Amino acid sequence: MSAMDIDTPSVSLTGKTESTEEQDGYILPWVEKYRPTYLKDIVGNEDAISRLQEIARLGNLPNIILTGLPGIGKTTAILCLARELLGASCKDAVLELNASDDRGIDVVRNKIKAFAQKKVTLPPGKHKLIILDEVDSMTSGAQQALRRTMEMYATTTRFALACNQSQKIIEPIQSRCAIVRFSKLSDAEILRRLEEVCEKENVQKTEEGLEALIFTADGDMRQALNNLQSTWFGFKFVNEENVFKICDQPHPIVVQHILKSCAERNVDEAVTCMEQLYDAGYSSLDIITTVFRVLRNYTELDEMLRLDFLKEVGFTHMRILEGHGSIIQLSGMLARLCEIASLPQ
(Lines give C-alpha, C1' and ligand atoms only; values in the text may rest on other atoms or scores of the structure.)
Protein backbone atom coordinates (compact mmCIF):
# COMPACT_ATOMS: atom_id res chain seq x y z
CA MET A 1 0.00 0.00 0.00
CA SER A 2 1.38 3.39 -0.91
CA ALA A 3 1.25 6.46 1.26
CA MET A 4 -1.40 7.92 -1.06
CA ASP A 5 -3.75 5.05 -0.28
CA ILE A 6 -3.94 5.93 3.41
CA ASP A 7 -6.95 8.06 4.36
CA THR A 8 -5.34 11.07 6.03
CA PRO A 9 -6.97 14.37 6.96
CA SER A 10 -6.22 17.41 4.83
CA VAL A 11 -5.03 20.74 6.22
CA SER A 12 -6.87 23.95 5.36
CA LEU A 13 -5.31 27.37 4.69
CA THR A 14 -6.11 28.43 8.24
CA GLY A 15 -3.92 25.64 9.59
CA LYS A 16 -6.83 23.65 11.00
CA THR A 17 -7.39 20.04 10.12
CA GLU A 18 -10.40 19.39 7.90
CA SER A 19 -12.34 16.19 8.22
CA THR A 20 -15.64 14.73 7.15
CA GLU A 21 -15.89 12.98 10.50
CA GLU A 22 -16.37 14.53 13.91
CA GLN A 23 -12.95 13.82 15.39
CA ASP A 24 -10.18 15.32 13.26
CA GLY A 25 -9.93 12.76 10.49
CA TYR A 26 -10.46 9.67 12.61
CA ILE A 27 -13.35 7.52 11.42
CA LEU A 28 -15.94 7.24 14.16
CA PRO A 29 -17.74 3.95 14.65
CA TRP A 30 -21.20 4.44 13.24
CA VAL A 31 -22.69 3.12 16.47
CA GLU A 32 -21.25 6.25 18.15
CA LYS A 33 -21.74 8.63 15.24
CA TYR A 34 -25.47 7.84 15.08
CA ARG A 35 -26.05 7.35 18.81
CA PRO A 36 -29.33 9.12 19.67
CA THR A 37 -29.07 12.42 21.53
CA TYR A 38 -32.64 12.61 22.82
CA LEU A 39 -35.01 10.00 24.16
CA LYS A 40 -37.46 10.54 21.30
CA ASP A 41 -34.79 9.41 18.81
CA ILE A 42 -34.26 5.99 20.43
CA VAL A 43 -35.56 3.04 18.41
CA GLY A 44 -37.75 0.43 20.06
CA ASN A 45 -38.86 -0.25 23.66
CA GLU A 46 -41.58 2.39 23.45
CA ASP A 47 -43.03 1.62 26.90
CA ALA A 48 -39.68 1.91 28.67
CA ILE A 49 -38.73 5.08 26.78
CA SER A 50 -42.10 6.69 27.53
CA ARG A 51 -41.49 6.10 31.28
CA LEU A 52 -38.10 7.79 31.01
CA GLN A 53 -39.60 10.68 29.04
CA GLU A 54 -42.14 11.20 31.81
CA ILE A 55 -39.30 11.28 34.36
CA ALA A 56 -37.46 13.83 32.22
CA ARG A 57 -40.61 15.95 31.93
CA LEU A 58 -41.34 15.96 35.65
CA GLY A 59 -37.68 16.22 36.68
CA ASN A 60 -38.13 13.82 39.60
CA LEU A 61 -35.54 11.11 38.93
CA PRO A 62 -35.58 8.06 41.24
CA ASN A 63 -32.76 5.55 41.47
CA ILE A 64 -33.32 3.30 38.47
CA ILE A 65 -32.13 -0.05 37.12
CA LEU A 66 -32.24 -0.59 33.36
CA THR A 67 -32.02 -4.28 32.54
CA GLY A 68 -31.98 -6.22 29.27
CA LEU A 69 -29.78 -7.85 26.65
CA PRO A 70 -26.68 -6.08 25.25
CA GLY A 71 -26.98 -3.55 22.43
CA ILE A 72 -30.65 -2.59 22.83
CA GLY A 73 -30.25 0.97 24.11
CA LYS A 74 -29.93 0.89 27.91
CA THR A 75 -26.81 3.06 28.23
CA THR A 76 -27.97 5.35 25.43
CA ALA A 77 -31.30 5.85 27.19
CA ILE A 78 -29.57 6.81 30.47
CA LEU A 79 -27.27 9.29 28.70
CA CYS A 80 -30.22 10.86 26.85
CA LEU A 81 -32.16 11.10 30.11
CA ALA A 82 -29.20 12.79 31.83
CA ARG A 83 -28.86 15.26 28.98
CA GLU A 84 -32.57 16.16 29.05
CA LEU A 85 -32.67 16.45 32.85
CA LEU A 86 -29.47 18.42 33.46
CA GLY A 87 -28.80 20.23 30.18
CA ALA A 88 -25.63 22.33 30.35
CA SER A 89 -24.84 21.02 33.85
CA CYS A 90 -24.50 17.48 32.50
CA LYS A 91 -20.70 17.68 32.24
CA ASP A 92 -20.16 18.47 35.94
CA ALA A 93 -23.14 16.67 37.45
CA VAL A 94 -22.81 13.22 35.82
CA LEU A 95 -20.28 10.49 36.64
CA GLU A 96 -20.19 7.52 34.27
CA LEU A 97 -18.36 4.31 35.22
CA ASN A 98 -18.24 0.85 33.70
CA ALA A 99 -18.69 -1.46 36.65
CA SER A 100 -17.21 -4.43 34.79
CA ASP A 101 -13.82 -2.65 34.87
CA ASP A 102 -14.17 -0.68 38.11
CA ARG A 103 -16.02 -3.25 40.14
CA GLY A 104 -14.18 -3.47 43.44
CA ILE A 105 -15.17 -2.02 46.78
CA ASP A 106 -12.39 0.60 46.56
CA VAL A 107 -14.08 2.21 43.56
CA VAL A 108 -17.29 2.66 45.54
CA ARG A 109 -15.40 4.07 48.54
CA ASN A 110 -13.22 6.41 46.49
CA LYS A 111 -14.62 7.47 43.09
CA ILE A 112 -18.34 7.13 43.74
CA LYS A 113 -18.33 8.48 47.30
CA ALA A 114 -16.07 11.40 46.33
CA PHE A 115 -18.40 12.39 43.50
CA ALA A 116 -21.46 12.06 45.75
CA GLN A 117 -19.81 14.44 48.24
CA LYS A 118 -18.82 16.97 45.56
CA LYS A 119 -20.83 20.18 45.52
CA VAL A 120 -22.34 21.08 42.14
CA THR A 121 -24.64 24.03 41.49
CA LEU A 122 -27.85 22.70 39.98
CA PRO A 123 -31.36 24.10 39.42
CA PRO A 124 -33.82 23.46 42.26
CA GLY A 125 -35.13 19.90 42.36
CA LYS A 126 -32.28 18.49 40.26
CA HIS A 127 -29.78 15.88 41.43
CA LYS A 128 -26.33 14.71 40.48
CA LEU A 129 -26.38 11.45 38.55
CA ILE A 130 -24.02 8.48 38.83
CA ILE A 131 -24.28 6.05 35.89
CA LEU A 132 -22.95 2.55 36.47
CA ASP A 133 -22.88 0.32 33.40
CA GLU A 134 -22.78 -3.50 33.70
CA VAL A 135 -23.40 -3.26 37.43
CA ASP A 136 -24.21 -6.98 37.58
CA SER A 137 -20.44 -7.54 37.25
CA MET A 138 -19.73 -5.80 40.57
CA THR A 139 -18.61 -7.91 43.48
CA SER A 140 -21.03 -8.54 46.34
CA GLY A 141 -18.94 -6.42 48.70
CA ALA A 142 -18.93 -3.50 46.26
CA GLN A 143 -22.71 -3.76 45.89
CA GLN A 144 -23.14 -3.68 49.68
CA ALA A 145 -20.95 -0.56 49.86
CA LEU A 146 -22.95 0.97 46.99
CA ARG A 147 -26.19 0.35 48.90
CA ARG A 148 -24.86 2.33 51.86
CA THR A 149 -23.71 5.18 49.61
CA MET A 150 -27.15 5.33 47.97
CA GLU A 151 -28.68 5.78 51.43
CA MET A 152 -26.27 8.42 52.69
CA TYR A 153 -26.45 10.75 49.69
CA ALA A 154 -30.08 10.24 48.67
CA THR A 155 -30.85 13.97 48.98
CA THR A 156 -28.23 15.09 46.43
CA THR A 157 -27.38 12.14 44.19
CA ARG A 158 -29.30 9.63 42.10
CA PHE A 159 -28.02 6.35 40.66
CA ALA A 160 -28.78 4.87 37.23
CA LEU A 161 -27.65 1.25 36.97
CA ALA A 162 -27.52 -0.68 33.69
CA CYS A 163 -27.19 -4.47 33.66
CA ASN A 164 -27.87 -7.55 31.57
CA GLN A 165 -29.18 -9.72 34.43
CA SER A 166 -31.00 -7.89 37.23
CA GLN A 167 -31.08 -11.02 39.43
CA LYS A 168 -27.31 -10.63 39.96
CA ILE A 169 -27.93 -7.33 41.78
CA ILE A 170 -28.46 -7.73 45.53
CA GLU A 171 -32.02 -7.33 46.81
CA PRO A 172 -31.32 -4.22 48.97
CA ILE A 173 -30.27 -2.29 45.83
CA GLN A 174 -33.19 -3.61 43.77
CA SER A 175 -35.66 -2.51 46.44
CA ARG A 176 -34.26 1.04 46.33
CA CYS A 177 -34.64 1.37 42.55
CA ALA A 178 -37.34 1.57 39.93
CA ILE A 179 -36.67 -1.26 37.45
CA VAL A 180 -37.10 -0.54 33.72
CA ARG A 181 -36.89 -3.63 31.51
CA PHE A 182 -35.69 -3.42 27.90
CA SER A 183 -36.44 -6.13 25.33
CA LYS A 184 -34.77 -7.15 22.08
CA LEU A 185 -35.45 -4.90 19.10
CA SER A 186 -37.72 -6.18 16.36
CA ASP A 187 -36.46 -6.83 12.82
CA ALA A 188 -38.52 -3.90 11.51
CA GLU A 189 -36.97 -1.48 14.03
CA ILE A 190 -33.42 -2.55 13.17
CA LEU A 191 -34.19 -2.39 9.44
CA ARG A 192 -35.49 1.16 9.76
CA ARG A 193 -32.32 2.39 11.47
CA LEU A 194 -30.05 0.49 9.05
CA GLU A 195 -31.78 2.13 6.09
CA GLU A 196 -31.36 5.57 7.68
CA VAL A 197 -27.62 5.03 8.19
CA CYS A 198 -27.19 3.60 4.68
CA GLU A 199 -28.86 6.67 3.21
CA LYS A 200 -26.68 9.11 5.17
CA GLU A 201 -23.45 7.21 4.39
CA ASN A 202 -24.37 6.47 0.74
CA VAL A 203 -23.97 2.73 1.31
CA GLN A 204 -24.65 0.50 -1.69
CA LYS A 205 -26.72 -2.43 -0.50
CA THR A 206 -29.17 -5.14 -1.41
CA GLU A 207 -32.32 -6.19 0.43
CA GLU A 208 -30.75 -9.60 1.06
CA GLY A 209 -27.71 -7.87 2.60
CA LEU A 210 -29.90 -5.99 5.08
CA GLU A 211 -31.77 -9.20 5.91
CA ALA A 212 -28.44 -10.90 6.61
CA LEU A 213 -27.43 -8.04 8.93
CA ILE A 214 -30.72 -8.37 10.81
CA PHE A 215 -30.28 -12.15 11.07
CA THR A 216 -26.74 -11.90 12.47
CA ALA A 217 -27.69 -9.12 14.90
CA ASP A 218 -30.60 -11.04 16.47
CA GLY A 219 -32.18 -7.94 18.04
CA ASP A 220 -28.87 -6.20 18.89
CA MET A 221 -28.75 -2.73 17.29
CA ARG A 222 -25.09 -2.19 18.17
CA GLN A 223 -24.04 -5.40 16.43
CA ALA A 224 -26.17 -4.59 13.38
CA LEU A 225 -24.50 -1.17 12.93
CA ASN A 226 -21.01 -2.54 13.58
CA ASN A 227 -21.54 -5.34 11.05
CA LEU A 228 -22.90 -2.84 8.52
CA GLN A 229 -19.86 -0.60 8.87
CA SER A 230 -17.42 -3.53 8.75
CA THR A 231 -19.04 -4.92 5.59
CA TRP A 232 -19.09 -1.52 3.87
CA PHE A 233 -15.46 -0.72 4.67
CA GLY A 234 -14.36 -4.27 3.82
CA PHE A 235 -16.14 -4.75 0.49
CA LYS A 236 -17.77 -1.40 -0.45
CA PHE A 237 -20.98 -3.33 -1.11
CA VAL A 238 -23.43 -4.79 1.39
CA ASN A 239 -24.93 -8.03 0.14
CA GLU A 240 -25.69 -11.38 1.77
CA GLU A 241 -22.39 -13.03 0.81
CA ASN A 242 -20.24 -10.15 2.09
CA VAL A 243 -22.15 -9.88 5.38
CA PHE A 244 -21.63 -13.56 6.19
CA LYS A 245 -17.95 -13.27 5.25
CA ILE A 246 -17.53 -10.43 7.77
CA CYS A 247 -19.64 -11.99 10.52
CA ASP A 248 -18.21 -15.48 9.89
CA GLN A 249 -21.31 -17.35 10.99
CA PRO A 250 -22.65 -20.62 9.53
CA HIS A 251 -24.66 -19.71 6.47
CA PRO A 252 -28.39 -19.99 7.21
CA ILE A 253 -29.05 -21.58 3.79
CA VAL A 254 -26.78 -24.50 4.74
CA VAL A 255 -28.44 -24.81 8.15
CA GLN A 256 -31.86 -24.68 6.50
CA HIS A 257 -30.81 -27.54 4.20
CA ILE A 258 -29.76 -29.57 7.25
CA LEU A 259 -33.16 -29.03 8.90
CA LYS A 260 -34.97 -29.89 5.68
CA SER A 261 -32.97 -33.13 5.43
CA CYS A 262 -33.95 -33.98 9.02
CA ALA A 263 -37.62 -33.32 8.24
CA GLU A 264 -37.29 -35.70 5.27
CA ARG A 265 -35.53 -38.26 7.55
CA ASN A 266 -32.36 -38.11 5.44
CA VAL A 267 -29.88 -38.42 8.29
CA ASP A 268 -26.84 -39.10 6.07
CA GLU A 269 -27.24 -35.84 4.16
CA ALA A 270 -27.85 -33.85 7.35
CA VAL A 271 -24.78 -35.28 9.10
CA THR A 272 -22.57 -34.71 6.02
CA CYS A 273 -23.54 -31.01 5.89
CA MET A 274 -23.08 -30.65 9.65
CA GLU A 275 -19.59 -32.18 9.44
CA GLN A 276 -18.69 -29.72 6.68
CA LEU A 277 -19.67 -26.81 8.92
CA TYR A 278 -17.73 -28.27 11.86
CA ASP A 279 -14.64 -28.94 9.71
CA ALA A 280 -14.81 -25.35 8.40
CA GLY A 281 -13.89 -24.21 11.91
CA TYR A 282 -17.25 -23.16 13.34
CA SER A 283 -17.66 -23.99 17.01
CA SER A 284 -20.52 -26.15 18.23
CA LEU A 285 -21.99 -23.12 19.99
CA ASP A 286 -21.94 -21.05 16.77
CA ILE A 287 -23.63 -23.88 14.88
CA ILE A 288 -26.35 -24.61 17.46
CA THR A 289 -27.11 -20.89 17.87
CA THR A 290 -27.57 -20.51 14.12
CA VAL A 291 -29.69 -23.68 13.99
CA PHE A 292 -32.01 -22.19 16.62
CA ARG A 293 -32.31 -18.83 14.82
CA VAL A 294 -33.06 -20.48 11.46
CA LEU A 295 -35.49 -23.02 12.92
CA ARG A 296 -37.39 -20.35 14.81
CA ASN A 297 -38.37 -18.66 11.52
CA TYR A 298 -38.48 -21.74 9.27
CA THR A 299 -42.19 -21.63 8.44
CA GLU A 300 -41.97 -24.31 5.74
CA LEU A 301 -41.99 -26.93 8.51
CA ASP A 302 -45.23 -27.98 10.16
CA GLU A 303 -45.75 -25.95 13.32
CA MET A 304 -45.94 -28.92 15.68
CA LEU A 305 -42.85 -30.49 14.10
CA ARG A 306 -41.02 -27.17 14.43
CA LEU A 307 -41.89 -26.98 18.13
CA ASP A 308 -40.63 -30.53 18.70
CA PHE A 309 -37.45 -29.68 16.81
CA LEU A 310 -36.95 -26.53 18.91
CA LYS A 311 -37.32 -28.56 22.10
CA GLU A 312 -34.60 -31.00 20.99
CA VAL A 313 -32.31 -28.17 19.81
CA GLY A 314 -32.76 -26.52 23.21
CA PHE A 315 -31.65 -29.67 25.03
CA THR A 316 -28.57 -29.93 22.77
CA HIS A 317 -27.78 -26.25 23.35
CA MET A 318 -27.87 -26.88 27.09
CA ARG A 319 -25.47 -29.84 26.77
CA ILE A 320 -23.05 -27.78 24.66
CA LEU A 321 -23.07 -24.98 27.23
CA GLU A 322 -22.19 -27.58 29.87
CA GLY A 323 -19.05 -28.42 27.88
CA HIS A 324 -20.12 -31.32 25.65
CA GLY A 325 -19.45 -29.63 22.30
CA SER A 326 -18.13 -32.38 20.04
CA ILE A 327 -19.38 -33.27 16.57
CA ILE A 328 -20.90 -36.41 18.13
CA GLN A 329 -23.25 -34.20 20.14
CA LEU A 330 -24.40 -32.39 16.99
CA SER A 331 -24.73 -35.63 15.00
CA GLY A 332 -26.77 -37.17 17.82
CA MET A 333 -29.10 -34.17 17.70
CA LEU A 334 -29.64 -34.70 13.95
CA ALA A 335 -30.42 -38.38 14.50
CA ARG A 336 -33.00 -37.46 17.15
CA LEU A 337 -34.54 -34.83 14.84
CA CYS A 338 -34.91 -37.46 12.10
CA GLU A 339 -36.51 -39.79 14.66
CA ILE A 340 -38.96 -37.05 15.70
CA ALA A 341 -39.84 -36.41 12.04
CA SER A 342 -40.68 -40.10 11.58
CA LEU A 343 -43.26 -40.06 14.39
CA PRO A 344 -46.91 -39.37 13.52
CA GLN A 345 -47.79 -35.73 14.14
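Structural remarks
- Per-residue accessible area (protein heavy atoms, 1.4 Å probe) orders D187, D286 as D187, D286, starting from the largest.
- R83/L343 FRET efficiency (R0 56 Å; Cβ-Cβ; nearest 0.05): 0.45
- Cα-based helix-to-principal-axis angle, 327-342 vs the chain, degrees rounded to 10: 70 degrees
- For K184, a cut-off of 22 angstrom between C-alpha atoms picks up these lysines, skipping any fewer than 8 places away in its own chain: K33, K40, K74, K168, K311.
- q = 0.08, 0.14 Å⁻¹, the chain: log10 I(q)/I(0) [Debye, one scatterer per Cα]: -0.54, -1.17
- A straight Cα-to-Cα reach below 18 Å connects K260 with the aspartates and glutamates D268, E269, E275, E300, D302, E303, D308, E312, E339, residues fewer than 8 places away in its own chain not being considered.
- The range 257-318: C-alpha pair distances exceeding 16 Å, %: 45 percent
- Computed [θ] at 222 nm, helices only, for the chain once each DSSP H run of length n ≥ 4 contributes -39500 (n - 2.57): -16000 deg cm²/dmol
- Per-peptide packing, taken as the mean over residues of other Cβ atoms within 10 Å, places 143-155, 191-203, 68-80 in the sequence 68-80, 143-155, 191-203 from highest down.
- For the range 224-345, with +1 on Lys and Arg beta carbons and -1 on Asp and Glu, the positive-most of N297, M274, V254 along the dipole: N297
- Placing +1 on each Lys and Arg Cβ and -1 on each Asp and Glu Cβ, with no other charges, gives the chain a dipole about its Cα centre of roughly 2240 debye.
- Area accessible to solvent at H127, 1.4 Å probe radius, in Å²: 40 Å²
- Whichever lysines have a C-alpha closer than 19 Å to that of K111, once near sequence neighbours (fewer than 8 apart) are set aside: K91, K119, K128
- Of all accessible heavy-atom area on the range 186-282, the percent that carbon and sulfur account for (1.4 Å): 43 percent
- Taking the C-alpha atoms only, the angle from helix 207-217 to the longest principal axis of the chain is near 70 degrees.
- Treating each Cα of the range 62-151 as an identical point scatterer and summing with the Debye formula, the log10 of I(q)/I(0) at q = 0.12, 0.13, 0.18 Å⁻¹ comes to -0.37, -0.44, -0.85.
- Gain in span if fully extended, E32 to A114, counting 0.36 nm per residue against the direct Cα distance: 26.6 nm
The values are calculated or read from the model by the stated rules, or taken from the named source; none is laboratory data. Everything numeric in this text was worked out from a predicted model, so none of it was measured. All Cβ positions, glycine included, derive from the backbone under ideal geometry; neighbour counts span all protein chains shown. SASA here: full protein model, heavy atoms, side chains in, ligands and nucleic acids out. Shrake-Rupley method; radii C 1.70, N 1.55, O 1.52, S 1.80 Å.
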